[in-house]
Amino acid sequence: MRAVVEVNLEAIKTNIRMLGSKTEASLLAVVKADAYGHGLVPVATTALEAGASWLGVALLEEAITLREAGIKAPLIAWLVPSGEDFEAAIRADIDLSISSISALEEILGVAKQVGRKPRLHIEVDTGMHRGGLLGQWEEFLSFAQEHRDEFSLIGFWSHFARADEPGESYNDLQLQEFTRKLDQLTSQGLTPEIIHFANSAATLTLPQAHHSMVRLGIAMYGLSPDRSALGSSDQLGLLPAMSVKAKLHLVKQVHKGDAIGYGGAAIASRDTTLGVVVMGYADGLPRIATNEAGALYDGNKAPLIGRVSMDQCVIDLGPESSAEAGDYVTLIGSEGYTADDWAKASGTINYEIVTRIATRVPRIYL
Ligand SMILES: *Cc1c(COP(=O)(O)O)cnc(C)c1O
């Protein structure tokens with residue numbers, strides 16, 4: 001294989017058990033976006049083995065793929081717009097999140113035809129101002145109460161905007177708003193079975209937000225929700241599960257002053273050995289990455305030199321390198337260059353680095 005994503009499923013298990021030890025709440029494993037690039041079905045299966053009892057995805061097709069793989073655990077899809085195949089969702093026992101009266105109406109209409117009660121989670125906007133019910137709240141409450149017998153009220157939930165900033169008072173405001181809306185809901189006789197609010201960062205830093213279930217995303221994959229605010233994977237006791245390796249297609253000597261790659265964007269500062277790596281931006285490496293990212297070869301860091309191309313990139317192996325064409329280098333790993341290093345070198349977050357690794361790069365499971 002010219003390039004490969006190695007996923008350490010044992011690391012995911014260890015992370016889930018560690019995170020589970022920090023809370024009394026049940027664990028929902030967030031496996032959207034192909035399990036943050038790690039592979040939907042293998043990660044979901046592993047998470048359930050390690051003690052997660054729920055799964056969460058964004059899209060309906062992700063949820064259906066899990067059901068088709070024979071996974072029976074409770075499963076919620078929280079980003080299912082109007083016009084999607086709600087019938088398939090209801091038949092496959094997929095919980096749906098609702099954020100508006102019209103969504104509830106549409107789902108209840110489909111459910112009537114199917115002859116089954118949908119399993120629903122009410123999402124409230126407590127300050128993120130993205131998903132969730134906001135302005136329509138009072139009308140929603142009366143509408144939901146009128147149709148009380150037509151659905152199973154499984155969950156009540158919200159999402160933090162700033163959970164990765166510990167001590168930030170905005171989190172307290174969101175918590176207060178959450179409790180206020182929950183009280184209003186229950187005082188109407190609408191009592192959800194499960195209350196969930198916390199993502200990874202809130203699981204690590206806001207125990208008062210755990211409620212009955214936490215939704216574990218990035219931390220489950222061994223990455224920090226924010227390295228500067230919360231500490232690195234190491235400091236949090238998390239094991240990064242993903243390593244990305246690719247072959248050297250070519251190894252060559254260049255001289256000091258030689259311009260490397262498109263636009264001559266880098267100039268060799270010494271006589272050195274270049275490694276041409278068979279992985280580029282079509283594989284998900286950010287084109288914008290600077291030489292603060294690169295690859296590990298034989299225990300030594302070899303920084304990127306010049307621009308990342310579509311299918312390849314060039315690293316500076318140093319003048320004394322013994323690298324040969326066909327050798328593997330590790331672009332992303334727990335040593336050498338981490339997903340956090342790639343994020344920093346590209347002006348983004350580790351979430352984006354792992355999620356964008358293209359599906360043309362095969363995943364193998366350890
Ligand atoms: C992605 C997502 C999560 C997980 O967030 P992390 O920061 O990765 O833990 C939790 N809840 C919802 C609604 C999400 O979309």
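The values are calculated or read from the model by the stated rules, or taken from the named source; none is laboratory data. What you see is a predicted model; the values in this text were computed from it and never measured. All Cβ positions, glycine included, derive from the backbone under ideal geometry; neighbour counts span all protein chains shown. Accessible surface areas use protein heavy atoms only, side chains included; no ligands, DNA or RNA. Shrake-Rupley method; radii C 1.70, N 1.55, O 1.52, S 1.80 Å.
Hey, got the dipole for the stretch 102-158? About the Cα centre, +1 on K and R Cβ, -1 on D and E Cβ, debye to the nearest 20?
Details: 6 positive and 9 negative charges, 67 e Å.
With Lys and Arg at +1 and Asp and Glu at -1, about 320 debye.
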Ranking request for peptides 143-154, 237-248: highest mean number of other beta-carbon atoms within 10 Å first, then the rest in descending order. 237-248, 143-154
Among Leu216, Ser21, Gln184, whose Cα sits farthest toward the positive end of the charge dipole of the stretch 9-228 (+1 at Cβ of Lys/Arg, -1 at Cβ of Asp/Glu, about the Cα centre)? Ser21
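Highest first, please rank the peptides 102-109, 35-42, 129-136 by the mean number of other Cβ atoms sitting within 10 Å of their residues.
Details: 102-109: 17.2, 35-42: 23.2, 129-136: 14.6.
Descending packing order for the listed peptides: 35-42, 102-109, 129-136.
Ignoring ligands, DNA and RNA, how do Asp311, Asp341, Asp183 rank by accessible area with a 1.4 Å probe, largest first? Intermediate values should be presented prior to the final figure.
On the way: Asp311 65, Asp341 35, Asp183 90 Å².
These residues rank, largest area first, as Asp183, Asp311, Asp341.
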Positive-end residue of Leu296, Leu9, Gly127, charge dipole of the chain with Cβ unit charges: Leu296
How large is the dipole of the chain about the Cα centre if only Lys and Arg carry +1 and Asp and Glu carry -1, each at its Cβ, rounded to the nearest 20 debye? 620
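Taking the highest mean first, how do the peptides 66-79, 114-127, 212-225 order by number of other beta carbon atoms within 10 angstrom per residue?
Working: 66-79: 17.5, 114-127: 20.0, 212-225: 25.6.
Top of the packing list down: 212-225, 114-127, 66-79.
Once you have a ≥ b ≥ c as the square roots of the Cα gyration tensor eigenvalues for the stretch 9-228, tell me rounded if a/c is under 1.5, and otherwise prolate or oblate according to whether a/b is larger than b/c. Spell out each step's value before the answer.
Details: a/c = 1.99, a/b = 1.19, b/c = 1.68.
Since a/c reaches 1.5 but b/c is at least a/b, the shape of the stretch 9-228 is classed as oblate.
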